[in-house]
Amino acid sequence: MHALAQELNAVLEPTICYRALSDFGRRIYFPKGIVAQTAEANQNCSTFNATAGMAFKDGEPMALPSIAHYLNDLSGRESVAYAPTGGVAALRSAWLSQIRRKNPSLGNTPISTPVVTPGLTAGVAQAADLFVNAGDVILIPDMFWGNYRLMFEERYGARIVTFRFFDDHMNLNLAALEQALAAHSGKVLILLNFPNNPTGYSPTREQAQALAAMVTRYAEAGNEAVVITDDAYFGLFYEPEVYSESLFSVLAAAHENLLAVKVDGATKEDFVWGFRIGFLTFGARGVTPEQYVALEKKLAGSLRSVISNSTNLGQHILLKALQSPGYAAEKSAFRALLEARYRRIKEILAERTSGAPLQELPFNSGYFMTFKCNNISAEQLRKVLLGEKVGTIAIGDDYLRLAYSAVDMENLDEFMATVFEAADKLNMS
Ligand SMILES: Cc1ncc(COP(=O)(O)O)c(C=O)c1O
């Protein structure tokens, strides 16, 4: 094993961060190569700096005028230049402040500084790189974002074990998680995504506390857990009883055997789907700042080995937005728009007289709602709707997901009526 990996491992060794590492996670390190040497030179070399693989003129990165034309207020260093491997430092610390502001229960709990990944998909994959070996079990509720299967099973060779998300009374099925934990003693990975894709459900405060207590008890019993929270739709909570923080808040300092890994980002939170900016942040009880830095270096090494770095342009635009005085108000206006659509959908469901085969699953947040299709095929329904020029997502043959986030308020009634009618026709045919 490389000496630098051994150094990082020695720092991490007393913690769950080390014990949870995959084989790759143990081997990886941040090399003292081009990136590290360039960073050193950037601080010291005012005479000539011939380090990074970029082209400079008069001390600034060269940008073609036809590209610079679109960059407006951004300098070359903020746009065409490379970003640091782990992300733009000012953005990382601004995002850390955002995490603390949005998750007040974190208080002063020590956590790592968020590291930038090219979107949340890459954030989850980086967590998998660091903590998942082929054959490992990962517990996921049975309503999950389909890409997890592609990633964990096909890419990483892990074994997804699902537990029922809702019980027979349509409550969050915490008992199913407890059983799944009991069946997997030793070490387990858990992946939780709230607001959930595809259902649009988030736990209530009581459910969030109970869930955290359950995983903590598992750790107290001598087992080790890595809990990945995919917070892609964070902030879009529409009901007062919903827990409006990330589960990371209640897990980050819960127990020495429990490593919380927060995946979040600008993709949905800041309405910049194509920017490709996500963040990965770690929290575990008793981990020191020095140990977090060692883990961040492992993550930086992992990123360096596969994507090198993320969008510099997007990071600087996001940073400027975070610092802009209108940012918070703009976001709450967008959020209010989505919440209004959520409320209209709830009204339509409450008033409906058609669409009998469609049973809505609980939803209180996010972008989506999902119907369980009773007696009819979700895939057939999707195809019928496609014929009516209405796009929806079938999840297997039993569930139909509607992204009401993508339908304007004035079209929601017609949209839902079309779905109900199509379901009724299929039911009768
Ligand atoms: C739960 C969940 N996680 C992650 C993502 C992907 O985020 P990104 O586009 O930033 O990779 C999505 C996108 O649909 C999602 O629904």
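The values are calculated or read from the model by the stated rules, or taken from the named source; none is laboratory data. Source: prediction; values computed, not measured. Positions of Cβ are generated from backbone atoms using ideal geometry, with glycine treated the same way; all protein chains shown enter the neighbour counts. Calculation scope for accessible area: heavy atoms of the full protein, side chains included, ligands and nucleic acids excluded. Shrake-Rupley method; radii C 1.70, N 1.55, O 1.52, S 1.80 Å.
Restricting attention to region 350-362, does a residue exist that is under 22 Å from the mean Cα position of the chain (by Cα) and not aliphatic (A, V, I, L, M)?
Checked against the condition, which is being under 22 Å from the mean Cα position of the chain (by Cα) and not aliphatic (A, V, I, L, M), region 350-362 yields at least one hit.
Looking only at region 368-412, how many residues end up being more than 15 Å from residue 143 (Cα to Cα) and hydroxyl-bearing (Ser, Thr, Tyr)?
The number of residues fulfilling the criteria is 4.
Does region 106-113 contain any residue that is open to solvent by 70 Å² or more (accessible area, probe 1.4 Å) and in a helix (DSSP H, G or I)?
No.
Among the candidates 322, 303, 318, single out the residue that is under 22 Å from residue 129 (Cα atoms) and touching a residue at least 60 places away in the same chain (Cβ under 8 Å).
Result of the check over 322, 303, 318: 303.
Return the residue satisfying two criteria in turn: it lies in region 213-240 and is surrounded by fewer than 24 Cβ atoms within 10 Å (Cβ to Cβ) and touching a residue at least 60 places away in the same chain (Cβ under 8 Å), and of such residues it is farthest from residue 121 (Cα to Cα).
Result: 239.
Hey, does region 259-278 have a residue that's out of contact with any strand residue (DSSP E or B) (no Cβ under 9 Å at 6 or more places or on another chain), in contact (Cβ under 8 Å) with a residue 60 or more places away in the chain and basic (Lys, Arg)?
Scanning region 259-278 turns up at least one residue that is out of contact with any strand residue (DSSP E or B) (no Cβ under 9 Å at 6 or more places or on another chain), in contact (Cβ under 8 Å) with a residue 60 or more places away in the chain and basic (Lys, Arg).
Can you find a residue that is surrounded by fewer than 21 Cβ atoms within 10 Å (Cβ to Cβ) and of a type in the set (Val, Ile, Thr) anywhere in region 363-381?
No, there is no match, as no residue in region 363-381 is surrounded by fewer than 21 Cβ atoms within 10 Å (Cβ to Cβ) and of a type in the set (Val, Ile, Thr).
Is one or more of the residues making up region 277-292 open to solvent by less than 60 Å² (accessible area, probe 1.4 Å), among the acidic types (Asp, Glu) and either on the phi < 0 side of the Ramachandran plot or within 16 Å of the ligand (Cβ to nearest atom) (or both)?
no
Name the residues in region 344-383 that are touching a strand residue (DSSP E or B) at 6+ places or on another chain (Cβ under 6 Å) and among the small types (Gly, Ala, Ser), would you?
365, 378
Please go through region 165-180 and give me each residue that is open to solvent by less than 30 Å² (accessible area, probe 1.4 Å) and more than 15 Å from residue 192 (Cα to Cα), ordered by number.
none
Could you grab the pairs with beta carbons closer than 7 Å, sequence gap of 6+ or different chains, first residue in region 109-134 and without any contact (Cβ under 8 Å) to a residue 60 or more places away in the chain and more than 16 Å from the ligand (Cβ to nearest atom), second one open to solvent by less than 20 Å² (accessible area, probe 1.4 Å) and part of a loop (DSSP other than H, G, I, E, B)?
If the second residue must be open to solvent by less than 20 Å² (accessible area, probe 1.4 Å) and part of a loop (DSSP other than H, G, I, E, B), the pairs left are 134/158.
Please name all residue pairs, on different chains or six or more residues apart, with Cβ atoms under 7 Å, provided the first residue is in region 358-375 and is within 20 Å of residue 205 (Cβ to Cβ) and more than 14 Å from the ligand (Cβ to nearest atom) and the second residue is open to solvent by 10 Å² or more (accessible area, probe 1.4 Å) and assigned to a strand (DSSP E or B).
Between residues of region 358-375 that are within 20 Å of residue 205 (Cβ to Cβ) and more than 14 Å from the ligand (Cβ to nearest atom) and residues that are open to solvent by 10 Å² or more (accessible area, probe 1.4 Å) and assigned to a strand (DSSP E or B), the close pairs are 362/166.
Here is a list: 330, 379. Which entry is closer than 22 Å to residue 239 by Cα, part of a helix (DSSP H, G or I) and over 20 Å from the mean Cα position of the chain (by Cα)?
330 is the lone residue from the list that is closer than 22 Å to residue 239 by Cα, part of a helix (DSSP H, G or I) and over 20 Å from the mean Cα position of the chain (by Cα).
Considering (1) surrounded by fewer than 22 Cβ atoms within 10 Å (Cβ to Cβ); (2) within 27 Å of residue 304 (Cβ to Cβ); (3) over 15 Å from the mean Cα position of the chain (by Cα), say which one residue 121 fails and leave the rest.
Failed condition: (3).
Suppose we filter 314, 301, 355 for residues that are in a loop (DSSP other than H, G, I, E, B) and open to solvent by less than 60 Å² (accessible area, probe 1.4 Å); which single one remains?
Result: 355 is the single residue among 314, 301, 355 that is in a loop (DSSP other than H, G, I, E, B) and open to solvent by less than 60 Å² (accessible area, probe 1.4 Å).
Look at residue 144 and say whether it is of a type outside the set (D, E, K, R), more than 16 Å from the ligand (Cβ to nearest atom) and out of contact with any Asp or Glu (no Cβ under 7 Å at 6 or more places or on another chain).
When the stated conditions are applied, residue 144 does not pass them.
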